[in-house]
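Working notes, beginning with the structure itself.
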Amino acid sequence: MWRSIRKFFQFFVDKPIKKGAVLYDRYEVISVIGTGSYGIVYLCKDLKTNENRVVKQLRPSKRRIKKEIKLFENEISILRLLNHKSMPKLYDEFSNNGYFYYVMNYIEGENLEDQIFLNHKTFKETESLLLLARLLELVAYLHKNGMYHQDLRIPNILLKDKEPFLIDFGLSKQIVSVDPICSSSKELEMKQQDYYDLGDILLYLLYTTYSSNNKKVLPWTEELSLKKETVHLLKRLLRIQEPYSDISELSADLHAALLSKEK
Ligand SMILES: Nc1ncnc2c1ncn2[C@@H]1O[C@H](COP(=O)(O)OP(=O)(O)OP(=O)(O)O)[C@@H](O)[C@H]1O
């Protein structure tokens with residue numbers, strides 16, 4: 001009962017801002033390009049520079065919830081630290097009448113979830129591993145700089161001409177390491193969470209070519225016909241076997257899988 005009242009309330013309060021409205025006297029709304037659990041994302045025109053920008057607004061229904069404001073602020077503080085062509089660049093942040101916004105560059109790609117489920121895009125084994133290798137480079141950049149994404153999922157990856165971009169840093173963490181050589185148990189835990197999520201993404205990609213009339217659901221090890229190196233990689237990513245504790249080991253196994261012949 002309370003859930004449906006809350007949903008009804010959110011539906012009205014979270015109505016997106018209309019096309020043509022100008023935010024902060026500067027960003028003209030062109031369209032809504034995404035809605036997530038805590039943000040509404042607009043494509044806007046920056047009237048000062050004439051360039052397209054993306055403005056993310058904290059959902060109005062969440063603007064009085066401390067935890068949600070904290071997540072939004074956390075995302076901004078992580079974006080401020082990023083300096084990578086395949087990750088968003090923060091341009092501006094503002095609040096207006098108690099609503100919170102930040103501004104980033106527009107990445108013209110489509111998210112991987114829509115590509116798979118709406119456009120029915122498929123990825124063969126080698127293509128899946130190659131995409132994983134590109135994602136691993138992005139994760140390596142974050143980890144090297146003491147940042148952990150912690151929400152690597154298919155809706156948080158945009159693909160533009162086969163190049164992946166990482167977005168949605170709301171749950172990301174930054175740790176200033178005391179010892180640059182040895183990572184603390186917290187760092188290791190966060191690292192392995194990102195690796196696990198990469199394993200989950202790889203499994204999504206590999207299942208795009210799977211079809212069967214079999215009504216019985218079997219484990220992925222039986223449903224998918226994969227190279228033994230890919231199975232080994234997945235088992236370690238998904239912690240079925242000893243999890244990876246550093247990126248060089250993971251990277252070596254990924255390259256071994258890429259180099260071996262497809263079944
Ligand atoms: N910089 C960008 N350029 C282009 N599209 C973007 C950009 N940022 C976000 N989007 C689009 O908006 C959607 C929602 O963005 P985002 O994941 O940041 O919102 P969210 O509310 O944090 O979502 P979630 O429910 O995953 O927490 C994305 O899936 C993507 O399609």
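Quick note: the coordinates plus some simple rules give every number you see, no bench work behind them. Computed from a predicted structure; not experimentally measured. Heads up, the Cβs are rebuilt from the backbone with ideal geometry, glycines too, and the neighbour counts pull from every protein chain shown.
Some points to look at:
- Taking the C-alpha atoms only, the angle from helix 247-259 to the longest principal axis of the chain is near 60 degrees.
- Helix 125-144 axis versus longest C-alpha principal axis of the chain: approximately 60°, rounded to the nearest ten.
- Among the trypsin sites (Lys or Arg not before Pro) found in the stretch 1-103, those both in a DSSP coil and sparsely packed, with 12 or fewer other Cβ atoms within 10 Å of their Cβ, are LYS18, LYS19, LYS48, ARG64, LYS85.
- Contact order normalised by residue count of the stretch 110-262, Cα under 8 Å, 6+ apart, percent: 28 percent
- Each part reduced to its alpha carbon centroid, the stretch 76-155 and the stretch 184-200 end up 17 Å apart.
- Nearest 10 degrees, 0 to 90: helix 185-207 Cα axis against the chain principal axis: 80 degrees
- The stretch 1-53: relative contact order in percent, alpha carbon pairs under 8 Å with at least 6 residues between: 22 percent
- Restricting the stretch 180-237 to chymotrypsin sites (Phe, Trp or Tyr not before Pro) in coil, as DSSP defines it, with at most 11 other Cβ within 10 Å: TYR210
- Gyration tensor (alpha-carbon) shape descriptor, the stretch 110-262, a/c threshold 1.5: prolate
- Under the combined filter of DSSP loop state and at most 16 neighbouring Cβ atoms within 10 Å, the stretch 199-263 retains these GluC sites (Glu not before Pro): GLU262.
- In percent, rounded to a whole number, the relative contact order of the chain is 14, using alpha-carbon pairs under 8 Å and six or more apart.
- The Cα trace of the chain gives Rg and Dmax of 20.3, 59 Å, the first to one decimal, the second as a whole number.
- If you sort the three axes of the alpha carbon gyration tensor as a ≥ b ≥ c, you get a/c of 1.5 or more for the stretch 14-105 and a/b no higher than b/c, which makes it oblate.
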